[in-house]
Amino acid sequence: MGMQNTFDPELLYVECTRCGQPLLWRTGETTRLLKMAGVDTAVLDEHCMLVSDGCPSCQPGETRFSTRVVRLAQDVRKGNNDEMPADA
Ligand SMILES: [Zn+2]
């Protein structure tokens, strides 16, 4: 019952790189794939996503897809913070 990893790998957003569809695995599948890929789930957070090279909808019949974790860029925040004070 460690507290060091508060992010549930099952909450990772998974997307297919071929058709761009978000993928929904069965419960536990993401964790299983991450373990198979040798990914340390302790380093994952909500800024990570999992991409799959193909998925059952664009490659029917295929059951094994290589996956990898990508870290999303965090430079979306703008430097200037000139919001008006709320006058309620
Ligand atoms: Zn696909």
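Derivation of every value follows stated rules applied to the coordinates shown; laboratory data play no part. A quick note: this is a predicted structure, and the numbers were derived from the prediction, not measured.
Classify segment 20-65 as rounded, prolate or oblate from the Cα gyration tensor: take a ≥ b ≥ c as the square roots of its eigenvalues, call it rounded if a/c is under 1.5, otherwise prolate when a/b beats b/c and oblate if not.
prolate
Fully extending the segment from Glu46 to Gln59 would add 1.9 nm, taking 0.36 nm per residue of separation and subtracting the current Cα-Cα distance.
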